[in-house]
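Note sheet for the following structure.
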Amino acid sequence: MPKPKVLGIVLAGGEGKRLWPLTADRAKPAVPFGGNFRLVDFVLSNMVNAGYFRICVLTQYKSHSLDRHITQTWRMSTMAGNYVTPVPAQQRLGPRWYTGSADAILQSLNLVYDEKPDYLVVFGADHVYRMDPAQMVADHIDSGADTTVAGIRVPRREATAFGVIKTAADGRHIAEFMEKPADPPAVPDDPDVAYASMGNYVFSTGALIEALKIDAADEASVHDMGGNIIPYFVNKGTANVYDFARNKVPGATDRDRGYWRDVGTLDAFMDAHMDLISVEPIFNLYNHDWPILSYPAPFPPAKFVEDGTARDSMIGTGTIISGATVTRSVIAEDVHVNTGSRVEGSVIMPGVRIGRNAVVRHSILDKNVIVPDGAKVGVDVELDSDLYTVSPGGITVVGKGVTIGK
């Protein structure tokens, strides 16, 4: 039997308002994460590790850094016809931008017609996780459904924040798709757990094309994949759920198996970073059997001088810790932390400069922030809230290129 032809489509046009100011100058999928990566690297790594080498990344909002990252980093073998390519909104159907995620695919159907895939893997671009999408595609083919939605089991009390999948008694067919319900339905085999949609879908190509055209003609639609297209298939009775717990990724540990995080808020973004740094991390970036891929800048190794130390932390290449102390933090590449300074429980992005005798605590510092000698960030949250963004969880977030105190 010939191998099915699959085209990957990554929805990466999100504005990410709840991550402001990290999204003030970039799309959400372009936000740096974990020292060496950007959020989009997780979904692209999952697709490439699964053997899907033709991937279109649909972009729109402040997409320059995202487009540049994809173009410079994700270079595939052109000899084999492989590619990962950014696809900005092109106004192919008239003088308008994408009006929703479904409209983004509708306006990009030329990509589908060119490739003639049997199946489309349509994934979001801003979650932190490992997944083998080939297993989900195999399940979709076996089921005969028009669409398959990846569902993750979450406690019912937490499912109110997600799109929730109600299944039929067989636990496979989707009976209803609800957006942030007050009383989420339980999965058939556990009354305390609900299926939350991961925003990852597999479609039989012809069925999706037909659904997109019907949706485009509906003036009441907001042209959203989760809000309109999936309910269309649910109403037809041709939508299935794929239980993420069934997905087996090589090299997964007992602790990080089934990990998935929506980092759509500043507090969730910080929490996901803290998941990386324990001795046995909740999410293990050191899984060489299913690597998260990127192309780190060509800096020399990190350097520790003048009794500089780092404990329970990740330190990027090119970073110099000089006579300073770093604790429970994720430090990206090309960061300088100078004598007498302390960095505690923080996320520091590339190019940050921290002067002498400074304190950075429970903070996120975006690229190229300057912390002058003696300055304090995250120590007085009330004072910080007058100058910077402070999350509901008390995390001080300083935007790109800001000099503290100015």
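The values are calculated or read from the model by the stated rules, or taken from the named source; none is laboratory data. The model shown is predicted, which means the values in this text are computed figures rather than measured ones. Reconstructed Cβ throughout: ideal geometry from the backbone, glycine too, with neighbour counts over all protein chains shown.
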The one condition in (1) surrounded by 16 or more Cβ atoms within 10 Å (Cβ to Cβ); (2) in contact with a Lys or Arg (Cβ under 6 Å, 6 or more places away or on another chain); (3) over 23 Å from residue 276 (Cα atoms) that residue 389 fails to fulfil: (2)
Within the range 11-48, considering residues that are β-branched (Val, Ile, Thr) and surrounded by fewer than 24 Cβ atoms within 10 Å (Cβ to Cβ), the one farthest from the chain's Cα centre (by Cα): 48
Positions within the range 152-191 being closer than 16 Å to residue 238 by Cβ and in contact (Cβ under 8 Å) with a residue 40 or more places away in the chain, in sequence order: 165, 167, 172, 173, 174, 175, 176, 177
Single residue of 44, 58, 66 found to be touching a Lys or Arg at 6+ places or on another chain (Cβ under 9 Å) and in the same structural domain as residue 263 (by TED's automatic domain parsing): 66
Residue in the range 318-329 that is under 28 Å from residue 17 (Cα atoms) and touching a strand residue (DSSP E or B) at 6+ places or on another chain (Cβ under 6 Å) present: yes
Filter result for residue 62 (within 26 Å of residue 116 (Cα to Cα) and part of a loop (DSSP other than H, G, I, E, B)): no
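So how many residues does the range 210-254 have that are part of a helix (DSSP H, G or I), of a type in the set (Phe, Trp, Tyr) and touching a helix residue (DSSP H, G or I) at 6+ places or on another chain (Cβ under 8 Å)?
2
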Flag for residue 393 being within 18 Å of residue 32 (Cα to Cα), touching a helix residue (DSSP H, G or I) at 6+ places or on another chain (Cβ under 8 Å) and of a type outside the set (Val, Ile, Thr): no
Answer from 98, 52 - the residue that is touching a residue at least 24 places away in the same chain (Cβ under 8 Å), assigned to a loop (DSSP other than H, G, I, E, B) and within 28 Å of residue 248 (Cβ to Cβ): 52
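For (1) within 15 Å of residue 329 (Cα to Cα); (2) among the hydrophobic types (A, V, I, L, M, F, W, C); (3) assigned by TED's automatic domain parsing to the domain that holds residue 18, each residue gets a yes or a no:
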residue: 342; (1), (2), (3): yes, no, no
residue: 351; (1), (2), (3): no, no, no
residue: 361; (1), (2), (3): yes, no, no
residue: 366; (1), (2), (3): yes, no, no
residue: 371; (1), (2), (3): no, yes, no
residue: 380; (1), (2), (3): no, no, no
residue: 383; (1), (2), (3): no, yes, no
residue: 403; (1), (2), (3): no, no, no
residue: 406; (1), (2), (3): no, no, no
